[in-house]
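Presented below is the structure to which this report refers.
The values are calculated or read from the model by the stated rules, or taken from the named source; none is laboratory data. As the structure is a computational prediction, the values presented were derived from the model and not from experiment. FYI the Cβ positions are ideal-geometry reconstructions off the backbone, even for glycines, and counts take in every protein chain you see.
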Amino acid sequence: MNDFIFFFNQVIIGGAVLGSIYALGAIGVTLIFGILRFAHFAHGDMMTMGAFFAFVLAGLFAGMGIVTPVPTGFLVLPIAMVIAAAAAVGIDKGFYAPLRARGARPVTLLIASIGVTMMIQGLIRLFFGVETRTFFATEPKGLIRIELPFEGVTRPISFTEPQVYLIVLTLIAVVALHVFLTRSRLGKGMRAMADNPDLAQVSGINTRLVVRVTWIIAGGLACMAGTMLALDVTLKPDLAFNIILPIFAAAIVGGLGQAYGAIAGGFLIGFAETLAVFNWSVLLRPFRDSLPEWFEIPGSLSLVQSEYKLTVAFIILVVVLLVRPTGIFKGAST
Amino acid sequence: MTQRYLVAFGGLFVLIIGVGMLMGAPFTVRLMVEAFAFALIAMGLNIQWGFGGLFNFGILGMLMVGGFAVTFISYPINPDFWGSGGPAMLGRTLIAAAIGAVLIVMAHRVQRLGITGKWRATVIVIAWFVAYIIFRSQMDPAARLIISEAGWVGGLGLPVVLGWAFGGVLAAIVAFFVGKVSLGLRTDYLAIATIGIAEILRAVIKNVEWLTRGTLTVSPIPWPVPDPLAFQAMGATPVESFIYARAGYLALVVAVVALALWLIHRAYMGPWGRMMRAIRDNHIAAGSMGKDVKGRQLEIFVFGSVLMGIGGAILVSFVQIFDPSSYQPIHHTFLIWVMLIVGGSGNNFGALFGGLFIYIIWILSEPLAQALFMVTSGFSEDMGWGAIPDIEARSVQMRVFVLGLVISIALRFAPRGLLPEVIKRHD
């Protein structure tokens, strides 16, 4: 039984945490792709930027002596999201809108987003240096242990406080997004524009507004994902640059342009990564006695070594692209 | 147009002379060697993107493959490995891999036995899984044995120039498979697929310690020309020896670049280049004219990757150390894209110019930023606000920002590059 709880802690909780972060990032990527038809590579750095906004705000709050039972990082999240959304709209105005106005191809926008990536990354390191920071320098990171009332169980189910907030907030964000996309006029307009931009424009949808709202949602969610990733691990300038590729993999696996696909893709990639590096021999150990004599349980029985964790996402991506090029949910194309 | 070329390359020449006077000759010659290697890589990307319209974000992978190839060929032989049981176990691994490959190929052909649809897919998945297990069952013990007994495989001790050529060949082989897998995809998907494959290559090269020594790094890798120590043995002072040795290396690299440029330009001006541009601009029309679009795209992807592999090999043997963890997307993929976009995609001389110019900017922006920070810091100290902390670490990061700014400005105001593509028309 202890081994199953180990499995639960490692795979289910780890996968859910990772999947939530991937899903939040992938929603932004996929919305931008659906509306503007280009792969926004700067999304990872928008996540990092959002995390740094939250970090600065948390520092300010701590400086003002505001202490609550909720970790300060979560307290300042709404304000940071507003700032990040404004920054996202500003980046669009400054770098992408002029190119769109000229009628540039999506590929040009993609290259422009590389430029934006480098500028954000340079600025972050310019202001904050390269060292690793943590949100929990002044307050403790709560650890929650649930002892199970079974006989012979010594290992508790354990997770940290930020992880609980993370999963709950992801759920709230996903439900809110669902309501927005299906109930509100603007959300329906967004879906219409993702399906057919020309038809949306002639039927009187304010496409400029839709573009702006897309950036607001994408920027806000990116900030949320980045901050939560920083709360779960640590805050580094290249925090999200390393996970932008799994996020893209999640968005593509789910079908670019499909918000629900992105959520599914995010969790799929998250769980696949934790499952692939999990040492399966742990689960075989309870059956040690009932296995045949010749069968010796190897010390390590993971599908891939943990160094290759990141490659799992790409292998899934490549296989999906080959077998079903538009993703699990049928995605848009340029 | 000719005027534009003269101004561009003349300005570049003046810039290089200026750098030489400011930073000293050894630094400038080193800078030029690396700049020419990057120009070669940018020319490779120009073949893929400028001629063929193929979006490759996996340049880093090709550079690593080239770097590994030259390390493997030119590094001295490791007698511990050849004396151990390693070669035999590697042979068995190879057989296991072959068995796995046969299994997979057979699984792909089961429809001949009447197994189709879902069942065929199941058989293929099982075959891949079984092949993977067979391979791992031989590979893991072999890797463990080599690491414990010999450290790593070592090199072959062959001439360095052969290693450069092998870098091109190995990159071509890898590019063939990458292209086979991903070239059917549309632009954005192709970008992500290539970046993903490059990351897989990076993870593999970094972690197969028995073959590449991984994060332990390999050094010193020999030079193809006499190195500074050889000149010092002949009685030159250290500074002189660096200048002579690097100048010799530079001459060799310039020769390689010139040869590549001549060959590419001839091909580009000929029927082959026109066909490639036709495929790039309208692959449906080109296909209907009887051109094998997919085959030609694969060809162009492989050609471009050869130059990238050679360029990666040149860079590694110049710095004499192969460190898989030193490869970063910004430095080894995005930088090259900036070179091509600023220089002018579709124009060979544009790629050459962009490669040299952007590399010089990239390297110089660090001391420039440092000087700028020093001045600002002095100013803020005078004003009583205190000095700027960690100037050195910050000015290193400044160049990433400068590069981003350069590409943003280039896309906005000169989207076709400083030396745009020339399209000859015979009306």
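Of the residues in the range B:337-359, at least one is within 11 Å of chain A (Cβ to nearest Cβ), at pLDDT below 90 and under 26 Å from the mean Cα position of the chain (by Cα).
Across the range A:151-163, which residue is surrounded by the most Cβ atoms within 10 Å (Cβ to Cβ) among those that are at pLDDT below 75 and under 19 Å from A:GLN10 (Cβ atoms)? The selected residue is A:ARG155. With the structure loaded, tell me whether A:GLY50 is in contact with a Ser or Thr (Cβ under 7 Å, 6 or more places away or on another chain) and either away from chain B (no Cβ under 11 Å) or more than 19 Å from A:MET224 (Cβ to Cβ) (or both) or whether it fails that test. Considered against the rule, which asks whether it is in contact with a Ser or Thr (Cβ under 7 Å, 6 or more places away or on another chain) and either away from chain B (no Cβ under 11 Å) or more than 19 Å from A:MET224 (Cβ to Cβ) (or both), A:GLY50 comes out as yes.
Annotation note: of B:THR122, B:THR194, the sole residue that is among the polar types (S, T, N, Q) and surrounded by fewer than 15 Cβ atoms within 10 Å (Cβ to Cβ) is B:THR122. When the range B:207-220 is filtered for residues that are part of a loop (DSSP other than H, G, I, E, B) and either of a type in the set (Lys, Arg) or away from chain A (no Cβ under 13 Å) (or both), the ones remaining, listed by number, are B:ARG213, B:THR217, B:SER219, B:PRO220.
Quick check: is even one residue across the range A:48-60 within 23 Å of A:ARG191 (Cβ to Cβ), among the aliphatic types (A, V, I, L, M) and assigned to a helix (DSSP H, G or I)? Lay out the reasoning, then the answer.
Step one: list which residues in the range A:48-60 are within 23 Å of A:ARG191 (Cβ to Cβ), which gives none.
The answer is no; no qualifying residue exists.
At least 1 residues being under 19 Å from A:LEU268 (Cα atoms), within 14 Å of chain B (Cβ to nearest Cβ) and in contact with a Leu (Cβ under 8 Å, 6 or more places away or on another chain) is the threshold, and among the helices (runs of 4 or more DSSP H) wholly inside the range A:159-254 those reaching it are A:244-254. From the list B:VAL169, B:VAL204, B:VAL178, the lone residue that is in a helix (DSSP H, G or I) and buried (at least 20 other Cβ atoms within 10 Å of the Cβ) is B:VAL178.
Quick check: anything in the range B:248-263 of a type in the set (A, V, I, L, M), within 19 Å of B:THR194 (Cβ to Cβ) and either out of contact with any Gly (no Cβ under 9 Å at 6 or more places or on another chain) or in a helix (DSSP H, G or I) (or both)? For the range B:248-263, residues of a type in the set (A, V, I, L, M), within 19 Å of B:THR194 (Cβ to Cβ) and either out of contact with any Gly (no Cβ under 9 Å at 6 or more places or on another chain) or in a helix (DSSP H, G or I) (or both): absent. Looking at B:TRP223, B:TRP152, just one residue is more than 14 Å from chain A (Cβ to nearest Cβ), within 21 Å of B:ALA142 (Cβ to Cβ) and either modelled with pLDDT of 85 or more or part of a loop (DSSP other than H, G, I, E, B) (or both), and that residue is B:TRP152. Is it true that B:GLY354 is in contact (Cβ under 8 Å) with a residue 60 or more places away in the chain, in contact with a Pro (Cβ under 8 Å, 6 or more places away or on another chain) and either among the small types (Gly, Ala, Ser) or within 21 Å of A:VAL130 (Cβ to Cβ) (or both)? For B:GLY354, the condition - in contact (Cβ under 8 Å) with a residue 60 or more places away in the chain, in contact with a Pro (Cβ under 8 Å, 6 or more places away or on another chain) and either among the small types (Gly, Ala, Ser) or within 21 Å of A:VAL130 (Cβ to Cβ) (or both) - is not met. Of the listed requirements (1) within 14 Å of another protein chain (Cβ to nearest Cβ); (2) crowded, with 21+ Cβ neighbours inside 10 Å; (3) under 27 Å from B:TRP164 (Cβ atoms); (4) over 18 Å from the mean Cα position of the chain (by Cα), B:LEU411 misses just one: (3). Residues in the range B:24-39 that are within 11 Å of B:MET339 (Cβ to Cβ) and among the aliphatic types (A, V, I, L, M): B:ALA35, B:ALA39.
Take the conditions among the β-branched types (Val, Ile, Thr) and within 14 Å of another protein chain (Cβ to nearest Cβ) and apply them to B:VAL293. Does it pass? Lay out the reasoning, then the answer.
Working: among the β-branched types (Val, Ile, Thr): yes; within 14 Å of another protein chain (Cβ to nearest Cβ): no.
When the stated conditions are applied, B:VAL293 does not pass them.
Scanning the range A:255-281 for residues that are within 14 Å of chain B (Cβ to nearest Cβ), surrounded by fewer than 24 Cβ atoms within 10 Å (Cβ to Cβ) and part of a loop (DSSP other than H, G, I, E, B) returns a single hit, A:TRP280.
Quick one: is A:PRO106 surrounded by fewer than 22 Cβ atoms within 10 Å (Cβ to Cβ) and within 14 Å of chain B (Cβ to nearest Cβ)? Don't jump to the end; show me each part of the working.
Values: surrounded by fewer than 22 Cβ atoms within 10 Å (Cβ to Cβ): yes; within 14 Å of chain B (Cβ to nearest Cβ): yes.
Here the answer is yes, as A:PRO106 does meet what is asked.
In the range B:231-247, how many are hydrophobic (A, V, I, L, M, F, W, C), surrounded by 15 or more Cβ atoms within 10 Å (Cβ to Cβ) and in a helix (DSSP H, G or I)? Quick ask: steps written out before the conclusion?
Step one: filter the range B:231-247 for residues hydrophobic (A, V, I, L, M, F, W, C), giving B:231, B:233-234, B:236, B:239, B:242-243, B:245, B:247.
Now restrict to residues that are surrounded by 15 or more Cβ atoms within 10 Å (Cβ to Cβ): B:231, B:236, B:242-243, B:245, B:247.
Now narrow it down to the ones that are in a helix (DSSP H, G or I): B:231, B:242-243, B:245, B:247.
The number of residues fulfilling the criteria is 5.
Note on the range A:82-95: residues that are of a type outside the set (Gly, Ala, Ser) and within 10 Å of another protein chain (Cβ to nearest Cβ) total 1. Quick check: is even one residue across the range A:240-248 of a type in the set (A, V, I, L, M) and over 13 Å from the mean Cα position of the chain (by Cα)? Among the residues of the range A:240-248, not one is of a type in the set (A, V, I, L, M) and over 13 Å from the mean Cα position of the chain (by Cα), which makes the answer no. Count of the range B:294-346 residues, restricted to those that are of a type in the set (S, T, N, Q), under 20 Å from B:LEU250 (Cα atoms) and either in contact with a helix residue (DSSP H, G or I) (Cβ under 6 Å, 6 or more places away or on another chain) or crowded, with 19+ Cβ neighbours inside 10 Å (or both), is 1.
Among the candidates A:ARG37, A:ARG100, which residue alone is on the phi < 0 side of the Ramachandran plot, out of contact with any Gly (no Cβ under 6 Å at 6 or more places or on another chain) and of a type outside the set (A, V, I, L, M, F, W, C)? Working first, answer last.
On the way: A:ARG37 fails: on the phi < 0 side of the Ramachandran plot.
Testing whether each residue is on the phi < 0 side of the Ramachandran plot, out of contact with any Gly (no Cβ under 6 Å at 6 or more places or on another chain) and of a type outside the set (A, V, I, L, M, F, W, C) leaves just A:ARG100.
Would you pick out the residues in the range B:51-83 that are in a helix (DSSP H, G or I) and surrounded by fewer than 24 Cβ atoms within 10 Å (Cβ to Cβ)? Give the steps one after another, and end with the answer.
From the range B:51-83, those in a helix (DSSP H, G or I) are B:51, B:59-74, B:79-83; that's our starting set.
Correct list: B:PHE72, B:PRO79, B:ASP80, B:PHE81, B:TRP82, B:GLY83.
Consider A:ILE120 carefully, then state whether it is within 11 Å of chain B (Cβ to nearest Cβ), modelled with pLDDT of 85 or more, within 22 Å of the chain's Cα centre (by Cα) and surrounded by 14 or more Cβ atoms within 10 Å (Cβ to Cβ). Taking the combined requirement at face value, the residue satisfies it.
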